[in-house]
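Contents: one structure, followed by commentary.
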There are 2 protein chains.
Amino acid sequence: MVQFFDARLDASFAALSDVTRRGVMERLGRADASITDLAEAFHMTLTGMRKHVGVLEQAELVTTRKVGRVRTCTLGPRRLEDETAWIERQRRLWDARFDALEQVVAERRRKEQHDGHPKRG
Amino acid sequence: MVQFFDARLDASFAALSDVTRRGVMERLGRADASITDLAEAFHMTLTGMRKHVGVLEQAELVTTRKVGRVRTCTLGPRRLEDETAWIERQRRLWDARFDALEQVVAERRRKEQHDGHPKRG
DNA sequence: GTAATACTAAACCACATGGTTCAGTTTTTC
DNA sequence: GAAAAACTGAACCATGTGGTTTAGTATTAC
């Protein structure tokens, strides 16, 4: 189960680590687009863009369907929930640690006041 | 300026796209650690772990300082703010589009009710 | 039916990544 | 001062990435 989420996060963070792919996501956020549309918008060959879209599909950030000769790309169905969750979890861990450190510092300060301010260390 | 943020996001999402590096960040969220500590924890050579830490440093997610012969790793000054911001922006774009779509659907439904439910299409 | 459009598939390229080993250097310990 | 510990740097390896070209197929337009 853990490995499952790990692989998912691997894929989606990797997908997001390319400026072109982030650009594609932003564009699809405004409107669906064909591979040709995207290739032109990002000054790239069809084949090149198809690969980027493939990466986004595998990360389940984009879905596509082919009607006739044109393949249309859409956002979703996932909405970066897992990625946000990971980041939030990390942030909480971090906050907890800082809170703990702060308490230590406060304790030390209290003690120093009591003992009469040792110079340092 | 845009390129600056782009490069930063490239680096940090790429850094997060590896399960070992995410693991390192979680561990550092609990306590600082030396390269040796981390290498042992993740069953890897010192050299291998040093590279991962280097990637996290370049993404400014982790900072390190060397005292004597040991290099200690700490979570970096950045707290994934830019990454969260990008994701949030994306989510807003998306929501806006869905809202617009929903309105179209609602409008169509209203019209269908008025015209007396055409079978389909 | 011919031509243009939209994509697909395969091969290729240079370079990055995730590891390793091996041979140092610097610090610490005894 | 010798040995051990902690790291560093370089070289190597297999595989992945971000592109390209080239040649093909399927669909649409005229």
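None of the figures in this text is laboratory data; all of them are computed from the coordinates on show. This structure is a prediction, so every number in the text was calculated from the model and none was measured. Backbone-built Cβ (ideal geometry, glycine too); neighbour counts: all protein chains shown.
Worth a mention:
- Shown is the FRET efficiency for B:Q58 and B:T84, computed with R0 = 22 Å from the Cβ-Cβ distance and rounded to the nearest 0.05: 0.65.
- Calculated FRET efficiency for the pair A:Q113/A:T74, C-beta based, R₀ 51 Å, to 0.05: 0.25
- 10 Å Cβ shell holding at most 11 others, DSSP loop, trypsin sites (Lys or Arg not before Pro): longest site-free stretch of chain B: B:1-68
- Cα gyration tensor category, rounded, prolate or oblate, for the stretch A:63-103 with a/c compared to 1.5: prolate
- When Rg and Dmax are taken over the Cα atoms of the protein assembly as shown, they come to 23.9, 87 Å.
- Each 5 Å bin from 0 upward holds the following percent of the Cα-Cα pairs of chain A: 2, 10, 16, 15, 11, 8, 7, 5, 5, 5, 5, 4, 4, 2, 1, 0, 0.
- Between B:E102 and B:R65, the modelled label-to-label distance comes to 5.0 nm, taking each label 7 Å out from Cα in the direction of the beta carbon.
- Legend: helices of chain B (whole DSSP H runs) are marked when their alpha-carbon atoms reach 20 angstrom or more along the helix axis and their mean Kyte-Doolittle hydropathy is at least 0.0; marked are B:2-16.
- Whole-number percent relative contact order across chain B, with pairs defined as alpha carbons under 8 Å at least 6 apart: 22
- Summed side-chain charge close to B:K51 - residues other than B:K51 whose Cβ falls under 11 Å, Lys, Arg +1, Asp, Glu -1: 0
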